[in-house]
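Asker: Below you will find the structure I want to go over with you.
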Amino acid sequence: MRVTAGMIQYVALFITLLSTWFILQTYFDHGQKAVSLRSWLGASKKPISKQLPRHKCGNQKSCPQNHFAFKIISGAANVVGPSICFNDMVLMSSMKNNIGRGLNIALVNGTSGQPLKADTFDMYSGDINKLDTFLQEIQHGTIVLTASYDDAATKMNDKVRAHFVELGSSHVNEVGFRDNWVFLGAKGLKNKSPFEEHIKNDEKTNKYDGWPELLEMEGCAPRKTD
Ligand SMILES: *[C@@H]1O[C@H](CO)[C@@H](O)[C@H](O)[C@H]1NC(C)=O
């Protein structure tokens, strides 16, 4: 077969179209093909050192040995529910559908870290004796995690406040209507708990109409070892 000038022209055109297609695929396609080509070239893998480490409960720091990571977030106004995370387990949250208006309380074995109980107490119109009994039955060595939602004080009484004081609270006596309060204490604590935050409902400083800013507290609670 004779190679004609016409045939060479067709081959040249074909090669040009093929390379144009390849260049377009490589540089202008932001879809799947371009991505896989980049990863094939080894460019898409980030160096491992640049990835931020994830800490338990999504906390900023990791905890030392014999400590449990925790994060307690109060409710925001009467709209967004609170959440309680302990040792990377979400014990209470809207997603788990086990929170409610008032006080949300989770109990954990302070030695093993094992979750024991979680319950919600309506402090606006619920039966306060239910909370009184719940707090009274807490066993020695139990860690208690508490988060307020909407209103945590209307039904509060001296007996219930005394139980929280015994668990290491310094602020429970000041918690009032629509204040936010987050607290981690334990039955049998010798000192006051360092893990507590309280914000007053005050129309001059409130973030929301009728409620203060939500509270978020994270830290490392020591394991009970004795
Ligand atoms: C807590 O855990 C320890 C160790 O596993 C166990 O001996 C103790 O009985 C538990 N206490 C409660 C109240 O569950």
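The values are calculated or read from the model by the stated rules, or taken from the named source; none is laboratory data. Quick caveat: nothing in here was measured; it's all calculated off a predicted structure. Cβ: placed from backbone, ideal geometry, glycine included. Neighbour counts: every protein chain shown. Surface accessibility is based on the protein's heavy atoms, side chains included, excluding ligands, DNA and RNA. Shrake-Rupley method; radii C 1.70, N 1.55, O 1.52, S 1.80 Å.
Asker: Just one of the numbered conditions (1) under 21 Å from the mean Cα position of the chain (by Cα); (2) farther than 22 Å from residue 56 by Cα is not true of residue 176; which one?
Answerer: Among (1) under 21 Å from the mean Cα position of the chain (by Cα); (2) farther than 22 Å from residue 56 by Cα, the lone unmet condition for residue 176 is (1).
Asker: Does region 159-170 contain any residue that is among the hydrophobic types (A, V, I, L, M, F, W, C), within 16 Å of the ligand (Cβ to nearest atom) and within 19 Å of residue 109 (Cβ to Cβ)?
Answerer: Looking for residues that are among the hydrophobic types (A, V, I, L, M, F, W, C), within 16 Å of the ligand (Cβ to nearest atom) and within 19 Å of residue 109 (Cβ to Cβ), one finds at least one in region 159-170, hence yes.
Asker: Going through region 129-163 one residue at a time, which ones are among the aromatic types (Phe, Trp, Tyr) and over 19 Å from residue 71 (Cα atoms)?
Answerer: Selection gives 134 alone.
Asker: Tally up the residues in region 94-119 that are open to solvent by less than 10 Å² (accessible area, probe 1.4 Å) and not in a strand (DSSP E or B), please.
Answerer: 2
Asker: Hey, could you check region 93-119 for residues that are within 15 Å of the ligand (Cβ to nearest atom) and β-branched (Val, Ile, Thr) and say which is farthest from the chain's Cα centre (by Cα)?
Answerer: 111
Asker: Say whether the condition of being in contact (Cβ under 8 Å) with a residue 60 or more places away in the chain and loosely packed, with under 11 Cβ neighbours inside 10 Å is met by at least one residue in region 210-226.
Answerer: yes
Asker: Still on this model: Would you mention how many residues in region 107-121 are of a type outside the set (Ser, Thr, Tyr) and within 15 Å of residue 181 (Cβ to Cβ)?
Answerer: Total satisfying the criteria: 1.
Asker: Same structure again: Would you check which residues across region 164-177 are modelled with pLDDT of 95 or more, on the phi < 0 side of the Ramachandran plot and buried (at least 21 other Cβ atoms within 10 Å of the Cβ) and list them?
Answerer: Those that are modelled with pLDDT of 95 or more, on the phi < 0 side of the Ramachandran plot and buried (at least 21 other Cβ atoms within 10 Å of the Cβ): 164, 167, 169, 172.
Asker: Please state which of the following conditions residue 124 fails to meet, knowing it meets all the rest: (1) within 25 Å of the chain's Cα centre (by Cα); (2) at pLDDT 95 or above; (3) closer than 18 Å to residue 74 by Cα.
Answerer: (1)
Asker: Checking residue 152 against (1) away from the ligand (no atom under 16 Å from the Cβ); (2) among the aliphatic types (A, V, I, L, M); (3) open to solvent by 10 Å² or more (accessible area, probe 1.4 Å): exactly one of these is not met. Which one?
Answerer: With (1) away from the ligand (no atom under 16 Å from the Cβ); (2) among the aliphatic types (A, V, I, L, M); (3) open to solvent by 10 Å² or more (accessible area, probe 1.4 Å) applied to residue 152, the lone miss is (3).
Asker: If you don't mind, there's one more thing I want to ask. Collect the residues in region 120-142 that are within 16 Å of the ligand (Cβ to nearest atom) and either in a helix (DSSP H, G or I) or open to solvent by 50 Å² or more (accessible area, probe 1.4 Å) (or both), keeping them in residue-number order.
Answerer: Scanning region 120-142 gives 134, 135, 136, 137, 139, 140.
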